[in-house]
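**Student:** One structure follows; several queries about it will come next.
The values are calculated or read from the model by the stated rules, or taken from the named source; none is laboratory data. What you see is a predicted model; the values in this text were computed from it and never measured. Don't worry about glycine lacking a Cβ; one is built from the backbone with ideal geometry, like all the others, and counts go over all protein chains shown. For accessibility, only protein heavy atoms count, side chains too; no ligands or nucleic acids. Shrake-Rupley method; radii C 1.70, N 1.55, O 1.52, S 1.80 Å.
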Amino acid sequence: GNILVLTDFSDHSLKAAKWAIFLAKKAPAKVILFHSYLGAPVIPYDTSGQWLNPEEVVTFEEECRQALSEFAQRVELDELHNSVDDLKPVIQTEFAEGHLGAKVEEQIEKNDIDVVVMGATGKTAFGRLLAGDQIGQVIERSSKPVLIVPERSIPQKLEKVTFAVNF
């Protein structure tokens, strides 16, 4: 099986990836770091009104590919420094344009996902609102268990598990 880690490239996502690696070593399983983004048309001119060379225009897709690659390097470097064993799960990256819930649903089918892992984010009221909306989208569309990792958790052992149900 495989573990899908949802990432926005933040420290919260790094914490989720740490938990996914911890779980992947127990299974064993492959870890897939996934990011979805909402694209927008790119207007090829700068603020002075000058048209830009189309080759210089960076697309959301290119930015996403680069950010995801850098995030995967952070995850692998963190695992290298903090690993106490020789087990190294396979880490792969994927990204897609579209709404998170729908893309998670697609990833579950495409990559034979067993569990979805995501970090709990948002220190501000707006951040909590946004994170709550994303968590809700994922839970609503996921056919697999969703592990939401609190900011202060340490991937050593599970001490508390909360099951959310809709009666």
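**Student:** If each of Phe9 and Arg65 carries a label point 7 Å out from its Cα toward its Cβ, how far apart are those two points in nm?
**Tutor:** Modelled inter-label distance: 1.4 nm.
**Student:** Okay, moving on. Would you pull out the residues with amide H under 5 Å of Ser153's amide H, same chain only if 5 or more places away, H placed 1.01 Å from N?
**Tutor:** Distant-sequence amide H within range of Ser153: zero hits.
**Student:** Sort Val115, Val104 by heavy-atom solvent-accessible area, probe 1.4 angstrom, most to least.
**Tutor:** Working: Val115 30, Val104 0 Å².
From most exposed to least exposed: Val115, Val104.
**Student:** Another question about this same structure. Be a star and scan the range 6-28 for residues whose amide nitrogen sits under 13 Å from the point 7 Å along the Cα-to-Cβ vector of Asp114.
**Tutor:** It comes to 20-28, nothing else.
**Student:** Counting only residues 5 or more places away or on other chains, whose amide H sits under 5 Å from the amide H of Val115 once H atoms are built in the peptide plane?
**Tutor:** Under 5 Å from the amide H of Val115: Asn2, Leu4.
**Student:** Something else about it: Pull up all non-local amide H partners of Thr93: gap of 5 or more, or a different chain, and H-to-H distance under 5 Å with H placed in the peptide plane.
**Tutor:** Amide H to amide H, under 5 Å and 5 or more residues apart or across chains, Thr93 pairs with Leu33.
**Student:** Holding the Cα-Cα limit at 19 Å, pick out from Lys18/Lys88; Lys15/Lys160; Lys103/Lys160; Lys88/Lys160; Lys30/Lys144; Lys26/Lys88 the pairs that are longer than that. Don't skip to the end; give the middle numbers.
**Tutor:** Details: Lys18/Lys88 12 Å; Lys15/Lys160 17 Å; Lys103/Lys160 29 Å; Lys88/Lys160 26 Å; Lys30/Lys144 16 Å; Lys26/Lys88 11 Å.
Checking Cα-Cα distances, Lys103/Lys160; Lys88/Lys160 exceed 19 Å.
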